[in-house]
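Engineer: Take this structure first; my questions come after.
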Amino acid sequence: MEEIRVKTIVFGGDGFCGWPTALHLSARGHDIVIVDNLSRRAIDEELGAESLTPIRSIEERIAAWEEISGKRIDFARIDIAQDYEALLKLIGEYRPDSMVHFAEQRAAPYSMKSSAHKRYTVDNNTNATNNVLAAVVESGQDIHLVHLGTMGVYGYGTAGMKIPEGYLDVQVMASEDEQGNQVEPHPVEQQILYPTNPGSIYHMTKVLDQTLFAFYAKNDRLRITDLHQGIIWGTNTAETKLDERLVNRFDYDGDYGTVLNRFLMQAAVGYPLTVHGTGGQTRAFIHIQDMVRCVEIALQNPPQAGDRVKIFNQMTETHRVRDLAELICSITGARMELVPNPRQESPENDLHVTNDTFLDLGLQPTTLSEGLLLEVEETAKRYRDRADMSKIPARSLWNRTTHEGVPPSL
Ligand code: NAD
Ligand code: USQ
């Protein structure tokens with residue numbers, strides 16, 4: 001395996017995506033510092049919910065990795081949204097080549113629970129991102145920042161076209177020149193960020209992030225890649241499978257559990273699959289092993305200073321929620337239940353997405369058909385005795401009208 005010597009900070013490296021990414025990059029020779037404030041573990045306590053898999057403390061994880069791989073990962077407990085000075089000091093002393101930014105509150109239902117949760121999510125996510133960007137500028141260093149964004153910035157309609165990778169070519173008919181004088185109408189070509197249509201406070205913070213990135217890339221010539229990621233499924237990667245102490249987290253509760261992993265867990269414990277509404281939502285998906293590979297590919301293909309933000313759609317398949325539920329029922333014998341949708345979403349949507357960049361750069365996707373059964377056996381069934389059924393129902397309502405039968409206007 002080709003080893004490259006670069007220094008990389010992984011913000012949010014104790015989380016579901018960050019931990020396997022830190023190990024994957026460490027295995028490939030990156031010198032890694034994980035920065036995390038452990039807020040996700042604190043939220044587990046707030047919600048009285050736990051990962052289905054028995055995750056170890058960050059210290060134990062890192063010690064186990066060193067024992068198994070001989071490679072050292074450092075850890076700094078910093079709240080990057082609150083403690084700018086500590087963040088700046090770390091960047092100044094460590095002098096990373098690149099940074100991967102996962103450190104945000106990432107659950108849409110959690111972000112919609114109350115005004116306190118809305119405010120926390122906006123404060124945490126936008127301050128975290130702005131602090132990272134401002135600190136890179138203040139450090140004076142040339143650091144490539146890779147951020148984990150979301151497919152959800154686009155909304156989930158297709159407007160009659162495949163969703164492009166971030167930017168949209170538009171042609172407008174201009175009938176005034178730049179001074180405001182009337183002129184013969186003529187076509188003007190432009191490239192704009194694809195119009196946003198976030199479906200939750202959480203997804204909205206990723207829209208705000210996009211604007212921060214565009215500004216800092218333009219004003220400060222920062223090199224930024226924004227990965228518009230679909231829903232992750234699966235639990236472990238080649239590295240987290242090496243030892244039980246390295247196991248990744250698996251969320252199944254109504255706030256943090258994402259749809260496919262919830263369905264896999266529900267099938268394993270004999271809980272009817274919780275399909276919201278008619279299950280007509282179509283979403284983009286990617287396996288966790290492909291996610292870590294995509295981050296590596298993005299790090300290997302940075303933009304140049306002065307380039308616009310590079311945006312990749314990090315997803316490999318799209319599926320309608322009820323089709324996923326039917327597929328899992330057919331392979332496991334589970335049954336599904338249509339439950340009232342706690343969210344404000346259109347009942348049905350199609351989704352067609354362009355994802356050529358990663359495929360062209362060599363990604364070979366793990367497909368649902370290869371991985372689903374393995375995931376049920378290796379994770380969901382193995383740890384099903386740890387499940388707390390009372391945490392399965394989704395209780396976070398988007399608004400009162402959602403449950404009063406008033407159709408949402410989307
Ligand atoms: P996670 O909650 O498991 O991990 C996030 C980590 O960041 C946690 O360990 C948390 O403690 C840390 N963190 C949060 N705020 C912080 C702060 N202010 N300072 C320092 N650390 C902080 O989430 P995840 O599933 O690993 O998601 C990581 C990123 O990927 C998120 O930005 C999310 O939006 C994006 N993403 C996730 C998915 C998915 O399906 N899980 C899909 C698309 C995009
Ligand atoms: N859903 C069900 N039943 C469930 C859970 C969810 O039908 O038990 C439905 C939801 O109503 C929704 C869809 O499944 O229509 C997806 O829900 P989700 O919780 O799996 O995904 P989402 O809230 O969009 O958020 C997750 C991650 C987030 C990431 C996003 C990528 O938590 O961090 O940004 O996926 S994407 O969806 O592409 O925007």
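Engineer: Convert 20 °C to kelvin, take the viscosity as 1.002 mPa s, use the Kirkwood radius over C-alpha pairs of the chain as Rh, and evaluate the Stokes-Einstein diffusion coefficient in µm²/s, rounded to a whole number.
Structural biologist: 97
Engineer: For region 57-79 and region 187-258, what is the separation of their Cα centres, given in Å?
Structural biologist: Distance between centres, Cα-based: 24 Å.
Engineer: I would also like to ask the following. Say each of V137 and Q82 gets a label point 7 Å from the Cα, pointing the same way as Cα to Cβ; how far apart are those two points in nm?
Structural biologist: The modelled label-to-label distance comes out at 2.5 nm.
Engineer: Roughly to the nearest percent, how much of the accessible area of the chain is carbon and sulfur, given a 1.4 Å probe?
Structural biologist: 48
Engineer: Here's something else I'd like to know. So for the chain, taking the charge dipole from beta-carbon charges (+1 Lys/Arg, -1 Asp/Glu), which of N313, Y167, G333 sits furthest toward the positive end?
Structural biologist: G333
Engineer: Additional query: Kyte-Doolittle cut-off -0.5, length cut-off 27 Å along the helix's own axis using Cα: show which whole DSSP H helices in the chain pass.
Structural biologist: Answer set is 201-220.
Engineer: Quick check: pseudo-label points 7 Å beyond the Cα along Cα→Cβ at E337 and D385, how many nm apart are they?
Structural biologist: 2.6
Engineer: Taking K and R as +1 and D and E as -1, what net charge do the other residues with C-beta under 14 Å from the C-beta of P185 add up to?
Structural biologist: -3
Engineer: Once both labels are modelled 7 Å past Cα along the beta-carbon direction, what's the E377-E46 spacing in nm?
Structural biologist: Roughly 3.9 nm, to one decimal.
Engineer: Here is a follow-up. Before I look further, what does the chain give for accessible area per residue, probe 1.4 Å, in whole square angstrom?
Structural biologist: The answer is 44 Å² per residue.
Engineer: 222 nm [θ] for the chain, helices only, -39500 (n - 2.57) per DSSP H run of 4+, per residue, to 500?
Structural biologist: Here the helix-only value at 222 nm equals -10500 deg cm²/dmol.
Engineer: Pick out, in residue order, every one of the GluC sites (Glu not before Pro) in region 1-50 that is DSSP loop and has at most 16 other C-beta atoms within 10 Å; say none if there are none.
Structural biologist: Passing both the DSSP loop test and the Cβ count: E2, E3.
Engineer: Report the extension gain between M161 and C329 in nm, rounded to one decimal, defined as 0.36 nm multiplied by the number of residues separating them, less their alpha carbon distance.
Structural biologist: 57.3 nm
Engineer: Within 13 Å, Cβ to Cβ, of N127, how many net charges do the neighbouring residues add up to if Lys/Arg are +1 and Asp/Glu are -1?
Structural biologist: Net of charged neighbours comes to -4.
Engineer: At a 1.4 Å probe radius, which order do S346, S396 fall into by accessible area, largest first?
Structural biologist: From most accessible down to least: S346, S396.
Engineer: Run the dipole for the chain about the Cα centre, Lys and Arg Cβ at +1, Asp and Glu Cβ at -1, nothing else charged, and hand back the magnitude in debye, nearest 20.
Structural biologist: About 860 debye.
The values are calculated or read from the model by the stated rules, or taken from the named source; none is laboratory data. None of these values were measured; they are calculated from a predicted model. We place every Cβ from the backbone using ideal geometry, glycine too, and count neighbours over all the protein chains shown. The area values use the complete protein model at the heavy-atom level, side chains included, leaving out ligands, DNA and RNA. Shrake-Rupley method; radii C 1.70, N 1.55, O 1.52, S 1.80 Å.
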